[in-house]
């Protein structure tokens, strides 16, 4: 299985910097591990059409989108579980479905 490239949205990176150090380390490790296994044990599907998933790290949730055709993972949101579920519908509306890679002529 090929490794995926992982990118983090600016807003998620800002949130990560503000978290307490023990959780920050655990979240960074989880983000790095997504490159090897984009659907780790315990992941939950949030939206199949937009290929959006979440994983739980203590009281925090990491919401990400997988683009299998491009071997890319985009971390969309990092938030406390209370906040992420209150705003989940709004978040999913704003996420675009993954696009297909450009076809070669």
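The values are calculated or read from the model by the stated rules, or taken from the named source; none is laboratory data. On a predicted model such as this, the values are computed, not experimentally measured, just so you know. Neighbour counts are summed over all protein chains in view; Cβ atoms, including those assigned to glycine, are modelled from backbone coordinates with ideal geometry.
Below, the figures for the structure above:
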item: Cβ-Cβ under 8 Å pairs, at least 6 apart or on other chains, the stretch 40-53 side on the phi > 0 side of the Ramachandran plot and at pLDDT 80 or above, far side surrounded by 12 or more Cβ atoms within 10 Å (Cβ to Cβ) and in a strand (DSSP E or B); result: 42/55; 42/56; 51/65; 51/66; 51/67
item: Qualifying residue in the stretch 81-102 (condition: modelled with pLDDT under 95, surrounded by 11 or more Cβ atoms within 10 Å (Cβ to Cβ), more than 16 Å from residue 5 (Cα to Cα) and touching a helix residue (DSSP H, G or I) at 6+ places or on another chain (Cβ under 7 Å)); result: no
item: Qualifying residue in the stretch 54-63 (condition: part of a strand (DSSP E or B), in contact (Cβ under 8 Å) with a residue 60 or more places away in the chain, buried (at least 19 other Cβ atoms within 10 Å of the Cβ) and under 10 Å from the mean Cα position of the chain (by Cα)); result: no
item: Filter pass, residue 77 being closer than 17 Å to residue 30 by Cβ, touching a strand residue (DSSP E or B) at 6+ places or on another chain (Cβ under 6 Å) and surrounded by 15 or more Cβ atoms within 10 Å (Cβ to Cβ); result: yes
item: Test: residue 28 is modelled with pLDDT under 95 and closer than 17 Å to residue 76 by Cβ; result: no
item: The one condition in (1) part of a helix (DSSP H, G or I); (2) surrounded by 16 or more Cβ atoms within 10 Å (Cβ to Cβ); (3) touching a residue at least 40 places away in the same chain (Cβ under 8 Å) that residue 11 fails to fulfil; result: (2)
